[in-house]
1. Would you mind classifying the range 369-458 by shape? Square roots of the alpha carbon gyration tensor eigenvalues, ordered a ≥ b ≥ c; an a/c under 1.5 is rounded, otherwise it is prolate if a/b is larger than b/c and oblate if not.
2. How much length is gained if the chain between N216 and E88 is pulled fully straight, taking 0.36 nm per residue apart and subtracting their Cα-Cα distance, in nm to one decimal?
3. Report the equivalent ellipsoid semi-axes for the range 285-418 in whole Å, largest first, defined as the square roots of five times the eigenvalues of the gyration tensor built from alpha carbon atoms.
4. Keeping all protein chains in place, calculate the accessible area per residue for the range 129-251 (probe 1.4 angstrom), answer in Å².
5. Pull out the extension gain between R293 and F343, defined as 0.36 nm times the separation in residues minus the alpha carbon to alpha carbon distance; nm, one decimal.
6. In vacuum, with every alpha carbon of the range 122-276 counted as one equal point scatterer, what does the Debye formula give for log10 I(q)/I(0) at q = 0.09, 0.20, 0.21 Å⁻¹? Two decimals, please.
7. How many angstrom lie between the C-alpha centres of the range 372-435 and the range 184-212?
8. Give the Kirkwood hydrodynamic radius (Å, one decimal) of the range 58-210, defined as one over the mean of 1/r across all pairs of different Cα atoms.
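The values are calculated or read from the model by the stated rules, or taken from the named source; none is laboratory data. Keep in mind that this is a model prediction, so the values were computed, not measured. Every residue, glycine among them, receives a Cβ derived from its backbone with ideal geometry; neighbour counts consider all protein chains shown. Areas reflect the complete protein model, heavy atoms only, side chains present, ligands, DNA and RNA absent. Shrake-Rupley method; radii C 1.70, N 1.55, O 1.52, S 1.80 Å.
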Amino acid sequence: MARAMATIWASALILVATGVNVVANTHDLGVNWGTLTSHPIHPKIVVQLLKDNGFKKVKLFDSDPWMVGFLAGTSIEVMLGIPNDQLEFLSDHYGNAKDWIKENCTAHLRKGGVNIKYVAVGNEPFLTSYKGRFTKTAFPAMKNIQKALNEAGVGKKIKAVMPHNADVYESKSDKPSDGVFRSDIRDLMKQIVRYLKDNNSPFVVNIYPFLSLYLNSKFPSDFAFFDGGRQIQDKNVQYNNVFEANFDTLIYALRTAGAPNLTIIVGEIGWPTDGHKEANKANAKKFYDGLFRVLASDKGTPLRPGNMDVYLFGLFDEDTKSIEPGNFERHWGIFEFDGKPKFTIDMSFNGAHKELVAAKGVEYLPKQWCVLVSYATDKWLIGEQISWACSVSDCTALQDGSSCFGLDSNRRASYAFNSYYQTNNQEESACEFKGLGTVVKKDPSTDTCKFNTQIKVGGATRLGSAYGAIAALISLVTFSILL
């Protein structure tokens, strides 16, 4: 997930996250690079940021050859992504999968090319919220992709995988030992698991302890972190955090499916920093500090001791992601939208809390902001314009529990206006708001609420215009803002 959310998490204590296995050295940390943003940082800058911060692996959600090409010669291990909307196309005819591999994978495998390790076929295609939309296409698509890899002569080096959400398995008792795959997809999951086993491919699963707190107000907060406190006893095993409990719930599900030793990759794990009362930088740092202690210890989980293969979610905040799961969806990055670190983090795994290395070479639009004129008095008109601005730009920081929720009514309007103004590259017409907006040179930010100035995109990346257009489509939500 991180791309979507399952309703089962609202009621299950243990099924809130997902994960497992033991694969790579803990220092070979991976990260998810999402691009659902109105102003994406140029891939050349992003790749340098990955190198500067020691990331050895990167997981993508698509396979744009232009973007992937910037990873050539870096030795960074790459997991390409195939979006869910391509599954039917790839499952219909093997030739489609063969062409896809030729155009998006093997074309990068020249000497000094891209170090591709996996092709992720779909992303959490069996979420309950999808209501079975991809259950008939995801597995055939994955088999076609693996067949194409095999025929291209790279099937032993590059594996087709399928990232899954926590809701693909369940436990009637909320204890790991009762873990089984979800009843409506149990037979399908058994087929997939056996196929992965036969092809020596890993099971990829996404883990989100944060959602425990988000969906269940009675969930013990300390159980979402790694500091002890709440404990669950399951037979002779004691669990003191939801990550390990969910990890081992999947282990039991794999056992019942006939693949107890299947390698597992944690495809996504992280903590958002805004959009909810529990989503803040302090909690995110606390979560990552605890996670990194676990990874550095090489202890694994009670049922799967050893190193763990993990991809953090995610690299940057993404201001055009769907907020249907929650306002926090746009704030998963360990870096801000512009590549600035949010907090110190121990990437060395030796206890040294250092600043991450910021993105280098990012250019900004002028230091100016769009705010509400001081003489505005028409509350109804102001509210109308706020709703419009927030329907086509990112105002998640204004929502209840978020970093800018405490602003007074005038500043809330200014925040909304500025969000729209920056999203539209500070165009003069983007600060009109029927005469209510004005451009200022003094930063209107407060101690707790940042009014951003956007980064330059222009011709620097061909992704900019595409995702700028997506912003208006993906965010058509009318916000309720108290004035």
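1. It is rounded, given that a/c, with a ≥ b ≥ c, falls under 1.5.
2. The span from N216 to E88 would gain 42.6 nm if fully extended.
3. They are 39, 17, 12 Å, listed from largest to smallest.
4. Numbers: 5070 Å² over 123 residues.
On a per-residue basis, the range 129-251 sits at 41 Å².
5. Extra length from R293 to F343 when fully extended: 16.3 nm.
6. Taking Cα atoms of the range 122-276 as identical point scatterers yields -0.32, -1.32, -1.40.
7. Cα centres, the range 372-435 to the range 184-212: 43 Å.
8. 16.1 Å
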